[in-house]
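Trainee: Pasting in a structure now, in structure tokens, and then I'll have a few things to ask.
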Amino acid sequence: MAALFLGLNANAARMDMVDVSNNNGYMSTAEYVSMRNEFGVKAVTVKISEGGTYKDPYAASNIANVQAAGMYINGYHFARYATKAQAIAEADFAGKTAKAAGLPVGAVLATDVESQEANNQSKATNDRNNAAFMKEIQKFGYRADIYTSGSWANNKMTIKSKTGWIAGYPFVPAGKKWYTNNNAWQWSGSAHFRISYGGFDVSQLYTDYYTAGQKSTVKPTNKAAVKANNRKANKNNSRPYASAKWVKESKTYTLKTAVKLRTGVSTSSNAIAILPYGTTVKTDQAIIQGGYRWVRQPRFNGNGYLATGPSSNTLEYVKSSATHTYYTVKSGDSWWAIAQRNGLNMTTLASQNGKSIYTTIYSGQRLVVR
């Protein structure tokens, strides 16, 4: 699955649910429609929050755009709790954040249990904490579930049959049946769509838990209208707001989240690439367009454009002179081990280093961990 292009892969027909977060940058309704129509994605689960203070900045736009695309919507909270009291507090924070972001009542709001805090706890303690979170989250009208890895499902907590959303890839060990016994099986962490160059987590749904209680708004595709809209978008992208007033701005930015580099100054412009966390970008001009502040990056074959944030907060998405913490890979290290030691999701760790979890790492290599 290391070089997975869903339009060509036999597993594409099995795909049902994709999860997204700030690591994927802004996702438009058109991009979700493309996921739905071209690849059969039926549901999207968006990151809502993490720990007791972090709110995903794209949660509200993701929820709105997924619903506008006629897909099932759910959410997840990245857990940092180590005690029952912390679990309840994080559930309250996640529930309130989800409500504010527009996650509909009846959706699943899963707890994503893979942090260093959980790794330090016993199985019994994790079971107690997870149960407390899930009981509390139901008070907000959301249904509860647990997302974790196959290894943790077997060793760090109790995941009963027909519950749980389990990540197990690139293979499933003999005798393990995460792919049939649970609500969902995440079978890839680096799937690629034609809409972008970024990696996405993809899961197969095995029960209706992530769609129950929601009414799908999927309508038959008007292929003629889709083609007409695409032609219009491509025409606009070929003339990237020539009448807009640009100002000179020679700056160097270091991204603090993944950002899409586009062919024009519009969120509907085609994506050239997704620039990962930590990327250094040199710009020569800037402009306020469509409610966003855009900058231009000179490239060897033309220019690329990226939004630095809403015009009212010009540095929400990027900052200059960022300081990073690095880790030097040792013999025997893996993406999973390094991520766990630093309280990261291994997909996030790989992404912020411009790689996927299937990229081989070598002893002596330096990775950004903060």
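Trainee: Which members of the stretch 92-113 meet the condition of being open to solvent by 10 Å² or more (accessible area, probe 1.4 Å), in contact with a helix residue (DSSP H, G or I) (Cβ under 7 Å, 6 or more places away or on another chain) and within 29 Å of N154 (Cα to Cα)?
Mentor: Selection gives D92 alone.
Trainee: Still on this structure, please answer the following. How do the pairs read when you match residues in the stretch 330-344 that are in contact (Cβ under 8 Å) with a residue 40 or more places away in the chain with residues anywhere that are assigned to a helix (DSSP H, G or I) and acidic (D, E), using Cβ under 8 Å and keeping only pairs 6 or more apart or on different chains?
Mentor: What qualifies is G343/E117.
Trainee: Here's another thing I want to ask about it. Just for the stretch 334-347: of the residues that are touching a Leu at 6+ places or on another chain (Cβ under 9 Å) and within 17 Å of G364 (Cβ to Cβ), which one is surrounded by the fewest Cβ atoms within 10 Å (Cβ to Cβ)?
Mentor: I338
Trainee: If we scan the stretch 91-103, do we find a residue that is part of a loop (DSSP other than H, G, I, E, B), at negative phi and polar (S, T, N, Q)?
Mentor: no
Yes/no matrix, rows are residues, columns are (1) on the phi > 0 side of the Ramachandran plot; (2) modelled with pLDDT of 90 or more; (3) surrounded by 13 or more Cβ atoms within 10 Å (Cβ to Cβ):
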position	(1), (2), (3)
A131	no, yes, yes
M157	no, yes, yes
A174	no, no, no
G199	no, no, yes
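Trainee: I need the full set of residues from the stretch 315-332 which are at pLDDT 80 or above and among the charged types (D, E, K, R), in order please.
Mentor: Result: K330, single match.
The rows are residues; the columns are (1) modelled with pLDDT of 85 or more; (2) of a type outside the set (S, T, Y); (3) open to solvent by 60 Å² or more (accessible area, probe 1.4 Å).
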position	(1), (2), (3)
A3	no, yes, yes
L8	no, yes, yes
Y32	yes, no, no
G52	yes, yes, no
V66	yes, yes, no
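The values are calculated or read from the model by the stated rules, or taken from the named source; none is laboratory data. None of the values given here were measured: they were computed from a predicted structure. FYI the Cβ positions are ideal-geometry reconstructions off the backbone, even for glycines, and counts take in every protein chain you see. We work out accessible area using only protein heavy atoms, side chains counted, and drop any ligands, DNA or RNA first. Shrake-Rupley method; radii C 1.70, N 1.55, O 1.52, S 1.80 Å.
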